[in-house]
Amino acid sequence: MQLLDGKLISQEILHEIAHEVQLLKNAGQRVPHLAAILVGNDGASETYVASKVKHCTQVGFESTLVRLSANITENELLEKVEQFNNDDSIDGFIVQLPLPKHIDEHKITLAIAPHKDVDGFHPMNVGKLALGLPTFVSATPNGIMELLKRYKIETAGKHCVVLGRSNIVGSPMSILMSKNTNPGNCTVTICHSKTQNLKEFTLTADILIVAIGKPEFVTADMVKEGAVVIDVGIHRIPDSSKKSGFKLIGDVKFDEVASKSSYITPVPGGVGLLTICSLLMNTLKAGKSFHN
Ligand code: GUN
């Protein structure tokens with residue numbers, strides 16, 4: 001078993017981005033600028049956004065964090081989005097999800113200018129992804145592709161089983177793995193909450209990508225010997241032995257699945273760090289296209 005080390009690969013990518021930022025500066029251009037809108041004070045969202053902003057600083061990007069009250073109206077949020085759409089000093093921005101129940105996430109996503117949608121959530125960008133056209137690929141699937149590429153994992157002709165069909169991860173992931181690309185060229189099966197006899201599918205997976213949001217759902221008896229296992233899940237569970245009072249676990253029961261797999265991502269230190277790198281890569285792309 002070999003670990004797919006998200007920390008190592010993310011450091012590599014962050015160095016590459018920082019180098020590109022230096023080249024932009026040397027050419028007298030301004031550095032890429034990522035803005036984030038955080039509505040309310042959901043604990044997990046706070047952590048994610050803080051990490052995004054911290055990594056912007058690390059690579060030399062400019063960043064802006066706008067915090068809005070959970071009571072903001074949908075129209076007020078739409079106005080903020082419009083303001084960012086029209087602000088030439090911002091290359092890309094994200095609205096952190098989930099949003100409070102009274103705000104229609106789809107409406108907000110649609111309002112983001114596609115050329116600033118560095119999350120890759122706008123239907124125009126999702127459509128381009130489906131057609132195999134250049135676009136902002138949503139961050140987690142893009143991060144997983146980067147991980148597979150940099151570890152030179154063979155994917156062509158393999159059976160890739162994706163657990164979960166979310167718009168953010170499962171669905172775009174299944175499209176990317178089926179494309180005539182490297183990584184890619186897989187035969188893809190997408191499984192979800194209504195899939196019957198799930199284990200029959202997972203046991204035939206050469207590459208198993210798990211994004212169902214259930215702690216330690218995938219156990220050793222569900223995994224084929226020698227499979228590549230990618231765990232997208234991240235859950236906090238109480239742990240009094242930790243200073244923070246909690247530990248992080250994934251959707252995969254790591255200890256028992258690791259010994260059966262050829263490669264596996266740990267949690268933490270796996271996919272999560274790559275997600276942030278992808279967002280920064282998209283922002284760099286947006287920044288560069290502003291100057292071209
Ligand atoms: N919530 C969970 N993941 C994401 C993400 O990648 N982008 C945004 N905007 N919200 C999220």
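Can you tell me which of G164, G184 is buried (at least 23 other Cβ atoms within 10 Å of the Cβ) and either at positive phi or over 18 Å from the mean Cα position of the chain (by Cα) (or both)? I'd like the intermediate steps shown before the answer.
Numbers: G184 fails: buried (at least 23 other Cβ atoms within 10 Å of the Cβ).
It is G164.
Taking the condition of being over 19 Å from G226 (Cβ atoms), assigned to a loop (DSSP other than H, G, I, E, B) and away from the ligand (no atom under 16 Å from the Cβ), how many residues in the range 157-184 meet it?
Looking only at that region, the number is 5.
Just checking, how many residues over the range 249-274 are among the hydrophobic types (A, V, I, L, M, F, W, C) and closer than 25 Å to H15 by Cβ? Outline the logic, then answer.
In the first step, residues of the range 249-274 are kept if they are among the hydrophobic types (A, V, I, L, M, F, W, C); the result is 249, 252, 254, 257-258, 264, 267, 271, 273-274.
Right, trim to closer than 25 Å to H15 by Cβ and you get 264, 267, 271, 273-274.
Of the residues in the range 249-274, 5 are among the hydrophobic types (A, V, I, L, M, F, W, C) and closer than 25 Å to H15 by Cβ.
One residue is enough: does the range 12-20 have a residue meeting the conditions modelled with pLDDT of 95 or more, surrounded by 13 or more Cβ atoms within 10 Å (Cβ to Cβ) and part of a strand (DSSP E or B)?
Looking for residues that are modelled with pLDDT of 95 or more, surrounded by 13 or more Cβ atoms within 10 Å (Cβ to Cβ) and part of a strand (DSSP E or B), one finds none in the range 12-20, hence no.
Scan the range 231-257 for residues that are modelled with pLDDT of 95 or more and buried (at least 17 other Cβ atoms within 10 Å of the Cβ) and jot them down.
Residues satisfying the conditions are D231, V232, G233, I249, G250, D251, V252, K253, F254, V257.
Of the conditions (1) small (G, A, S); (2) part of a loop (DSSP other than H, G, I, E, B); (3) without any contact (Cβ under 8 Å) to a residue 24 or more places away in the chain, A70 satisfies every one except a single condition; which number is it?
The single condition A70 does not satisfy is (3).
Only one residue in K128, K101, K80 is within 16 Å of the ligand (Cβ to nearest atom), in a helix (DSSP H, G or I) and of a type in the set (D, E, K, R). Which one?
Numbers: K128 fails: within 16 Å of the ligand (Cβ to nearest atom); K101 fails: in a helix (DSSP H, G or I).
Within the list K128, K101, K80, the selection yields K80.
Helices (runs of 4 or more DSSP H) wholly in the range 189-292 with at least 1 residues that are closer than 30 Å to V118 by Cβ and out of contact with any Leu (no Cβ under 8 Å at 6 or more places or on another chain) - which ones?
271-291
Would you point out which residue out of E146, E154 is away from the ligand (no atom under 15 Å from the Cβ) and either without any contact (Cβ under 8 Å) to a residue 24 or more places away in the chain or not small (G, A, S) (or both)? Let's see the steps before the verdict.
On the way: E146 fails: away from the ligand (no atom under 15 Å from the Cβ).
None of the other options fit; the residue is E154.
Which pairs do you get when a residue that is among the aliphatic types (A, V, I, L, M) and at pLDDT 95 or above, found in the range 83-103, comes within reach of a residue that is in a loop (DSSP other than H, G, I, E, B) and within 9 Å of the ligand (Cβ to nearest atom), reach meaning Cβ atoms under 6 angstrom, with the pair 6+ apart or on two chains?
I94/D119
This table checks each residue for (1) closer than 17 Å to N282 by Cα; (2) within 12 Å of the ligand (Cβ to nearest atom); (3) within 17 Å of the chain's Cα centre (by Cα); (4) not polar (S, T, N, Q).
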| position | (1), (2), (3), (4) |
| --- | --- |
| P32 | yes, no, no, yes |
| V39 | no, yes, no, yes |
| T47 | no, yes, yes, no |
| Q58 | yes, no, no, no |
| E62 | yes, no, no, yes |
| V66 | no, no, no, yes |
| A70 | no, no, no, yes |
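The values are calculated or read from the model by the stated rules, or taken from the named source; none is laboratory data. Remember, it's a predicted structure, so these values are computed and weren't measured experimentally. No Cβ is skipped: glycine too gets one built from the backbone with ideal geometry, and neighbour counts run over all protein chains shown.
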